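Worksheet: one structure, shown below.
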Protein chains: 2
Amino acid sequence: MLDEEIITSPLPGFLELSPLKQVKFDEIKDIIRRNYANFGFVHIETPILERSQVLLAKAGGETEKQIYRFQKGDTDLAMRFDLTVPLARYVANNYASLVFPFKRYAIGKVYRGEKKQAGRFREFYQCDIDVIGDETLDIYFDAEIPCVMYTIFQELNLGKFTIKINNRKILNGFFQDLGLGQQSGRVMQIIDKWDKVGLEVVKEELMDLGLSLEHRERVCDFVQLAGDCEWVLQNLSTMSIANQEFLTGVAELREVVSILQKFGVQQDYFAIDLKIARGLDYYTGTVYETIFDQHPDIGSVCSGGRYENLTGCYINKKLPGVGMSIGLTRFFDQMSRKGVLQFENITTTKVLVVPMEVSLGSAMDLANTLRGCNIATEISWDVEGKLKKRLNYANKKNISFVIFLGEQELRQGVYTIKNLVNGEQFTLSLEQLLQFLQTNH
Amino acid sequence: MLDEEIITSPLPGFLELSPLKQVKFDEIKDIIRRNYANFGFVHIETPILERSQVLLAKAGGETEKQIYRFQKGDTDLAMRFDLTVPLARYVANNYASLVFPFKRYAIGKVYRGEKKQAGRFREFYQCDIDVIGDETLDIYFDAEIPCVMYTIFQELNLGKFTIKINNRKILNGFFQDLGLGQQSGRVMQIIDKWDKVGLEVVKEELMDLGLSLEHRERVCDFVQLAGDCEWVLQNLSTMSIANQEFLTGVAELREVVSILQKFGVQQDYFAIDLKIARGLDYYTGTVYETIFDQHPDIGSVCSGGRYENLTGCYINKKLPGVGMSIGLTRFFDQMSRKGVLQFENITTTKVLVVPMEVSLGSAMDLANTLRGCNIATEISWDVEGKLKKRLNYANKKNISFVIFLGEQELRQGVYTIKNLVNGEQFTLSLEQLLQFLQTNH
């Protein structure tokens, strides 16, 4: 039967975790999900497979090359490469029945058949929130979105992070003011790579684009303006640039910063960074990136921005939106490799009940009771096995507590519980036992 | 920009829910997941894409026709059609580091490009538990698995269900005893369709298979033995069939029933049904199906069984297992259509805080506090908007409570809360407010 040729590892670029790492991954995913819901975002789950026509309506270039696309019968199918395009389709399809502003979250896998590259995944989780307005969308949401992310990363407690904020209108306006309106999109793409490639490469590329030395210097000086929000805003205000888009951008940025402060987001957890441009043409106003201060090499773990029209290709409505997305798979993988995430003390099952033949029924009753209190419990069914062998299972599986249920315990209606970590042992009534397990971890 | 040609509905056979239905779907999925974990099963998540070679190692026939398979670069890829084959690959790949018996759960989407058919899905959730032994696996787990499912369906509280149990060794042994050993697999496939096609069709197909009238009658009489477990077991014991496989099957079935009783599973929630055979050759012992008594037309919503060797194609080990799977998407869809699942009273956001300009900061503090208590809260940011318009959002989104935070409340440090369902209104301190919201739904 055995075919030696079959490779049993997952495909390259597809993350698969050990049981204990999976526990931690799920914990993080649950924290994200709970916070999304607590801020009033509703969950929408769209299929992983879509009509290629839908996914490629706006896409092009890299996306089209990377997409997993194939034919089945007469249908041209593709696997989603993000959660935003399916959201656009969903909103277009359900426009009449949705409540606007439509706040939705989605947590799901997306697929990109990229070239093999360290730290890059072909299947990965995105955790998105977006707010979609009907015709208009208040700038308030440009602040609420990073506030949700702030709450999440605070709860995750994995180190100091900074949410970097910018507004593309400021960049566009500034470039227009310099007479670079035509090259604006291309200049932003170059600027956006700054943190990866450095100042020299940026200058070179701006030269290749045909910018004069003076323009190059002014662009680079301008976007290096970064730091304390009040100070940057003050600087932007005194620049005496009359371009209307620039002024709108500065006003929006000031408003977002002011609301973030009202929300109680600590000053040093967000910063204006004019280098943040986001590569995609898609974004039209506020843009965000999030870095962990101790691990800038990971790059942004949570990015997004404001867009003028979500569903342009699908429905004749103007639906502006703003959103952010956590790249969970890459974040998890990088934080594991750096040792920020620890897996030693993780347990799955909390209690192993060890009965004798005579107490098997009582053991099952007890297990039912414990599970009813959400205490993960297994039964050592091997009532004739040696105690050492039965405990061995608990030790290998990182189970913290063992409850013995022998004849004596059965007769007296008590339970002997042993903490496998520190060796402590007590004999307790059911009530005491429940209290003990709910307060000890 | 608008391309009239783009279809915005999901692909046929791909379920996509409204926000309120999604809440209910997630609730059910969470109940399943929590119970799986409470019984000590660990979560394993495998990729949706696999090497075709892996998925098709054991498959054939229908599976091969239905599979979504395609080439990307040099790689022959396919989307998983169940969660068992990926489990086998995972166990083979991680054999050395896993703790056996390995209890794992998986909840994920699988893909089958079936012919379009009412009630059939091409993308659907399976929710699996399996226990895998190394060389051997105690019969105890054949009872624990349906006990988990019993606990889940009890908690879901969607009506009376029956877990039907059989053991293929009993069928095999009985057929061998009749001299039908060669046809055993084929006879089981015919029997298995009984509840769908009825007695007459079964008899016809058995005739087509070449069974004599006497054999047909005896097979049909035998498998109609169903009902109270003690009575069926009694009958099986007195049949004086000496076939060893038959006797083993009866002994196993008796053991499973006895453990289920010890687990406190109510008598009328499980039954022996000798017609349950499961189509797949794969199963070798205990087999299960679960029906809702009021909705037999849905068919089995949760099925599974015991198999002798999970990983035969991938690794040179004998790894027997037993498992069951809930077909969640179909179950949810059917229970919705039948009105068993209700969606009217679902809310997502619980509280809308309605501040004035002057109290926006306090509103955000309050919202943070409520979210910290896992009370989903939104802020009505439109401080200059008319009250009616602001409340309209709450009404449309099914939000239960509105908290007003005007100048007076701000000055007195209190909150006015209104129940939008019954119109009741109170003014409360923060402490009273938290207590009120945590006890009122």
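The values are calculated or read from the model by the stated rules, or taken from the named source; none is laboratory data. For clarity, every value in this text was computed on a predicted model and none was experimentally measured. Reconstructed Cβ throughout: ideal geometry from the backbone, glycine too, with neighbour counts over all protein chains shown. We work out accessible area using only protein heavy atoms, side chains counted, and drop any ligands, DNA or RNA first. Shrake-Rupley method; radii C 1.70, N 1.55, O 1.52, S 1.80 Å.
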- Task: Identify the single condition in (1) outside any loop (DSSP other than H, G, I, E, B); (2) more than 7 Å from chain A (Cβ to nearest Cβ); (3) free of Cβ contacts under 8 Å to residues at least 24 places away in the same chain that B:Asn35 does not satisfy, given that it satisfies every other one.
- Result: (3)
- Message: So, in the stretch A:356-369, exactly how many residues are open to solvent by less than 40 Å² (accessible area, probe 1.4 Å) and either of a type in the set (Asp, Glu) or more than 10 Å from chain B (Cβ to nearest Cβ) (or both)?
- Response: 2
- Task: Please give the number of the condition B:Thr8 fails out of (1) at pLDDT 95 or above; (2) over 24 Å from A:Pro10 (Cα atoms); (3) touching a Phe, Trp or Tyr at 6+ places or on another chain (Cβ under 8 Å); (4) not in a helix (DSSP H, G or I).
- Result: (1)
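Here is a yes/no grid of residues against (1) among the hydrophobic types (A, V, I, L, M, F, W, C); (2) over 39 Å from the mean Cα position of the chain (by Cα):
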{"position": "B:Gly323", "(1), (2)": "no, no"}
{"position": "B:Ile326", "(1), (2)": "yes, no"}
{"position": "B:Thr348", "(1), (2)": "no, no"}
{"position": "B:Phe401", "(1), (2)": "yes, no"}
{"position": "B:Gln408", "(1), (2)": "no, yes"}
{"position": "B:Ile417", "(1), (2)": "yes, yes"}
- Query: Among A:Arg112, A:Arg104, which is the only one that is touching a Phe, Trp or Tyr at 6+ places or on another chain (Cβ under 9 Å) and closer than 25 Å to B:Glu27 by Cβ?
  - Reply: A:Arg104
- Task: May I ask you to verify whether A:Gln432 is more than 28 Å from B:Leu137 (Cα to Cα) and in contact with a strand residue (DSSP E or B) (Cβ under 6 Å, 6 or more places away or on another chain)?
- Result: no
- Message: Scan the stretch A:320-336 and tell me whether some residue there is modelled with pLDDT of 95 or more and acidic (Asp, Glu).
- Response: yes
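So that you can scan it fast, the table gives a plain yes or no per residue for (1) open to solvent by 10 Å² or more (accessible area, probe 1.4 Å); (2) free of Cβ contacts under 8 Å to residues at least 60 places away in the same chain; (3) over 21 Å from B:Phe263 (Cα atoms):
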| residue | (1), (2), (3) |
| --- | --- |
| A:Lys350 | yes, no, no |
| A:Cys373 | yes, no, no |
| A:Ile379 | no, yes, no |
| A:Tyr393 | yes, yes, yes |
| A:Lys396 | yes, yes, yes |
| A:Ser400 | yes, yes, yes |
| A:Phe404 | yes, yes, no |
| A:Val414 | yes, yes, no |
| A:Lys418 | yes, yes, yes |
- Looking at (1) open to solvent by 10 Å² or more (accessible area, probe 1.4 Å); (2) at pLDDT 95 or above; (3) closer than 24 Å to A:Arg120 by Cβ, which is the only condition A:Ala37 fails? (3)
- Is it the case that some residue within the stretch B:111-125 is more than 8 Å from chain A (Cβ to nearest Cβ), aliphatic (A, V, I, L, M) and crowded, with 24+ Cβ neighbours inside 10 Å? no
- Query: Does the stretch A:394-404 contain any residue that is farther than 23 Å from B:Asn35 by Cβ, within 14 Å of chain B (Cβ to nearest Cβ) and not aromatic (Phe, Trp, Tyr)?
  - Reply: yes
- Can you name every residue in the stretch B:319-361 that is more than 30 Å from B:Thr84 (Cβ to Cβ) and basic (Lys, Arg)? B:Lys350
- Query: Checking B:Gln22 against (1) free of Cβ contacts under 8 Å to residues at least 12 places away in the same chain; (2) surrounded by fewer than 18 Cβ atoms within 10 Å (Cβ to Cβ); (3) in a helix (DSSP H, G or I); (4) at the interface with another protein chain (Cβ under 9 Å from one of its Cβ atoms), which test does it fail?
  - Reply: (2)
- Reported set for the stretch A:293-317 where residues are touching a strand residue (DSSP E or B) at 6+ places or on another chain (Cβ under 8 Å) and in a loop (DSSP other than H, G, I, E, B) is A:Asp293, A:Gly299, A:Ser300, A:Val301, A:Glu308, A:Leu310
- Message: Please count how many residues of the stretch B:179-191 are crowded, with 20+ Cβ neighbours inside 10 Å and either in a loop (DSSP other than H, G, I, E, B) or of a type in the set (Asp, Glu) (or both).
- Response: 1
- Residues of the stretch B:59-109 satisfying the condition of being under 19 Å from B:Leu328 (Cα atoms) and either of a type in the set (D, E, K, R) or in contact (Cβ under 8 Å) with a residue 40 or more places away in the chain (or both): B:Arg80, B:Asp82, B:Leu83, B:Thr84, B:Pro86, B:Leu87, B:Arg104, B:Tyr105, B:Ala106, B:Ile107, B:Gly108, B:Lys109
- On the given criteria, is A:Gly304 modelled with pLDDT of 95 or more and within 19 Å of the chain's Cα centre (by Cα)? yes
- Message: Can you tell me which residue is nearest to the other protein chains (Cβ to nearest Cβ) among those in the stretch A:41-97 that are open to solvent by 50 Å² or more (accessible area, probe 1.4 Å), under 20 Å from A:Phe121 (Cα atoms) and among the basic types (Lys, Arg)?
- Response: A:Arg69
- Note on the structure: A careful count of residues in the stretch A:312-334 that are out of contact with any Gly (no Cβ under 9 Å at 6 or more places or on another chain) and either surrounded by fewer than 21 Cβ atoms within 10 Å (Cβ to Cβ) or within 14 Å of chain B (Cβ to nearest Cβ) (or both) gives 9
